[in-house]
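The values are calculated or read from the model by the stated rules, or taken from the named source; none is laboratory data. Bear in mind the structure is a predicted one, so any value in this text is a computation, not a measurement. No Cβ is skipped: glycine too gets one built from the backbone with ideal geometry, and neighbour counts run over all protein chains shown.
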C-alpha cells in the first residue's frame, strides 16, 4: 500500500525529497532498539521501517532514470540492482564484528548512524535529472 501511495507522490513531487524522507524514517527507526526497546518496540519499528523501505527500489530507479534518457537506462538500472544486493553482503561482516564487540543492540545503532550519514550525503549531493516525470509531465 505504501509503495502505491509513494508512486502517486513521485509523479507530483521531486523524488529527491521522497527518498530523503524515506532515508530519515529508516535511520530514525534503528535507534529505539539501541536505546533498550523490547519485543513490542521491535515489532512497531520494523513495521514502520518496512513502510519506508518498501518503495526504495522503485524510488531509486525513478531517481536514476531521471538522469538518463530511456535508451541509456539499462546500466544505471543494473547498478541499482547490484547495489541493493551487495550492500547487505558488504555490511554483514562489519555488523557481525559490532555485535561481537558491543552487543546486538549496537547493530541497530551503527545502521542508524550510517543511515544519517547517508541522509547528509543525499542532501548535499542528490539532485533531480532532466528526465524526471514531475518535470516533463510524463
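Some points to look at:
- Within region 39-47, at least one residue is in contact with a helix residue (DSSP H, G or I) (Cβ under 6 Å, 6 or more places away or on another chain) and buried (at least 18 other Cβ atoms within 10 Å of the Cβ).
- No other residue among 23, 7, 50 is in a helix (DSSP H, G or I), without any contact (Cβ under 8 Å) to a residue 60 or more places away in the chain and touching a helix residue (DSSP H, G or I) at 6+ places or on another chain (Cβ under 7 Å) apart from 7.
- Flag for residue 67 being under 13 Å from the mean Cα position of the chain (by Cα) and touching a residue at least 12 places away in the same chain (Cβ under 8 Å): no
- Checking residue 78 against (1) without any contact (Cβ under 8 Å) to a residue 12 or more places away in the chain; (2) more than 20 Å from the chain's Cα centre (by Cα), the condition it does not meet: (2)
- Restricting region 87-121 to residues that are closer than 19 Å to residue 64 by Cβ and at pLDDT 95 or above leaves a set whose member that is surrounded by the fewest Cβ atoms within 10 Å (Cβ to Cβ) is 121.
- In region 61-105, the residues that are in a helix (DSSP H, G or I), over 23 Å from residue 36 (Cα atoms) and in contact with a helix residue (DSSP H, G or I) (Cβ under 7 Å, 6 or more places away or on another chain): 61, 62, 63, 64, 76, 77, 80, 84
- Filter pass, residue 122 being farther than 30 Å from residue 31 by Cβ and either under 15 Å from the mean Cα position of the chain (by Cα) or not in a helix (DSSP H, G or I) (or both): no
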